[in-house]
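Comments concern the structure below.
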Amino acid sequence: MNSETREKLAARLRYYNDLGLGAFYIDRQSRASRAPGPPPAPQQQAKAAPASTSLPRPALASRPVVNTVLPVLQAPSLFESLDRIEGETLEQVREVLGECTRCRLHKGRTKIVFGVGNPRADLVFVGEGPGHDEDVQGLPFVGRAGQLLNQMIEAMGLRRDDVYICNVIKCRPPENRNPEKDEIATCSPFLFRQLAVIGPKVVVCLGNIAAQTLLGTHKSISHFRGQWFDFRGSRLLATYHPAYLLRNPNAKPEVWKDLQKVMSFLGLKPPPKKR
Ligand code: SF4
């Protein structure tokens, strides 16, 4: 191994160490299953549900049908096997993130946008990344799209404080461009860690980037919007991003249908209509 490779490897190991990963192993079985050949049997059972939180857990009969056919195009990363570290808190994950300079996006940010809301939430919304208002305030979904998300949450019979809201990347990309693959790869482990700590019943991905990152697919959201997936003991559903709805209000009924599925799963009822 030459010195450059050794240095890169050392930097990568320091990064894993920051994330609390201290041991590595080769998953021979998983490697074998990724070898060319017939595809593995689809997963039939959801993982065990996380510890009980504030909302009642629906009876088995009402659990949604889970889609098992979406092809996973990316090999599982090291972080995808990262289990919750018992007793870890969101504050500790935030502390590890620190004043992060792990990717180029740190150069243009005003504030890191880590996430906000109930650390024991049954429902987590995951967006793409901060925009201008979020960058200035250090909070996710506080601009126009955020106001629409708030309305969506209230229409579900919840308050913003009841749920947790975060993004795939924590720093605003220049000119609000889409995050690059390497930026997502560098930042998303912190999202995975946040979700592992919260252990929600449902994760709702808002838009393509969030859905593709959590499901590990390159497929467009239009192929699987509104379908249920298993995600590490949670159920996951992808729907359109509120910013997309601001540009395409005709898509609102589709999103409302998706949210109604989530409400049904969580046993939520819409608030009484104001007179
Ligand atoms: S986007 Fe994420 S990885 Fe990149 S600098 Fe910001 S916090 Fe760090």
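Of all the listed residues (Arg120, Arg102), the sole one being within 15 Å of the ligand (Cβ to nearest atom) and either at pLDDT 95 or above or among the hydrophobic types (A, V, I, L, M, F, W, C) (or both) is Arg102. Of all the numbered requirements in (1) open to solvent by 20 Å² or more (accessible area, probe 1.4 Å); (2) within 13 Å of the ligand (Cβ to nearest atom), Leu191 misses one, and that requirement is (1).
One residue stands out among those in the range 105-117 that are more than 7 Å from the ligand (Cβ to nearest atom) and touching a Gly at 6+ places or on another chain (Cβ under 7 Å): the one that is most open to solvent (accessible area, probe 1.4 Å), which is Lys111. Quick one: is Arg172 under 21 Å from Ile209 (Cα atoms), of a type in the set (Lys, Arg), in contact (Cβ under 8 Å) with a residue 24 or more places away in the chain and not in a helix (DSSP H, G or I)? Yes, satisfied. Taken over the range 150-182, the criterion of being charged (D, E, K, R) and surrounded by fewer than 21 Cβ atoms within 10 Å (Cβ to Cβ) is satisfied by Glu154, Arg159, Arg160, Asp161, Asp162, Glu175, Arg177, Glu180, Lys181, Asp182.
Suppose the filter is in contact with a His (Cβ under 9 Å, 6 or more places away or on another chain), under 19 Å from Asp162 (Cβ atoms) and surrounded by 15 or more Cβ atoms within 10 Å (Cβ to Cβ); does Leu206 pass it? Spelling it out, Leu206 is indeed in contact with a His (Cβ under 9 Å, 6 or more places away or on another chain), under 19 Å from Asp162 (Cβ atoms) and surrounded by 15 or more Cβ atoms within 10 Å (Cβ to Cβ). Of all residues in the range 123-146, those satisfying the criterion of being within 16 Å of the ligand (Cβ to nearest atom), open to solvent by less than 10 Å² (accessible area, probe 1.4 Å) and either on the phi > 0 side of the Ramachandran plot or out of contact with any His (no Cβ under 9 Å at 6 or more places or on another chain) (or both) are Val126, Pro130, Asp135, Pro140. Checked across the range 220-233, the condition of being without any contact (Cβ under 8 Å) to a residue 12 or more places away in the chain and either in contact with a Leu (Cβ under 7 Å, 6 or more places away or on another chain) or not charged (D, E, K, R) (or both) holds for at least one residue.
The values are calculated or read from the model by the stated rules, or taken from the named source; none is laboratory data. Computed from a predicted structure; not experimentally measured. Backbone-built Cβ (ideal geometry, glycine too); neighbour counts: all protein chains shown. Quick note on the areas: whole protein, heavy atoms, side chains included, nothing else; ligands and nucleic acids left out. Shrake-Rupley method; radii C 1.70, N 1.55, O 1.52, S 1.80 Å.
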